[in-house]
Amino acid sequence: MATGWAGDGAVQDQIDATVSDAVQRARRQLKKGPGLTHCEACDAPIPAARRKAVPGVRLCVACQETQDAERSAAIYNRRGSKDSQLR
Ligand SMILES: [Zn+2]
């Protein structure tokens, strides 16, 4: 494959830039305050390692996963409304 690699690289660079941009934006939002020692939703203790890994953490892993799932489900349903009508 002598052709195409440069194009692929350019696309990957763009993807990398977009992803790191989003990560930086997310991190900035997370750093608004100190992390909680106990989950905001269920009051379970949040491990110190998680608080270190996620600055400004407010939810335990279980609640975070639930919230993420609900959020992506909401986005998916909005985008996929045409598809679901076809089913
Ligand atoms: Zn929780």
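The values are calculated or read from the model by the stated rules, or taken from the named source; none is laboratory data. All values reported here derive from a predicted model rather than from experimental measurement. Note: ideal-geometry Cβ built from the backbone for every residue, glycine included; neighbour counts use all protein chains shown.
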- Task: Search region 62-87 for residues that are within 30 Å of His38 (Cβ to Cβ) and pair each with any residue that is at pLDDT 90 or above and of a type outside the set (Phe, Trp, Tyr) when their beta-carbon atoms are under 7 Å apart and the residues are at least 6 apart or on different chains.
- Result: Cys63/Cys39; Cys63/Ala41; Cys63/Cys42; Gln67/Leu59
- Task: Take region 64-77 and flag every residue that is within 14 Å of the chain's Cα centre (by Cα) and surrounded by 12 or more Cβ atoms within 10 Å (Cβ to Cβ).
- Result: Gln64, Thr66, Gln67
- Query: Taking region 33-55 on its own, how many of its residues are under 19 Å from Val23 (Cβ atoms) and surrounded by 15 or more Cβ atoms within 10 Å (Cβ to Cβ)?
  - Reply: 4
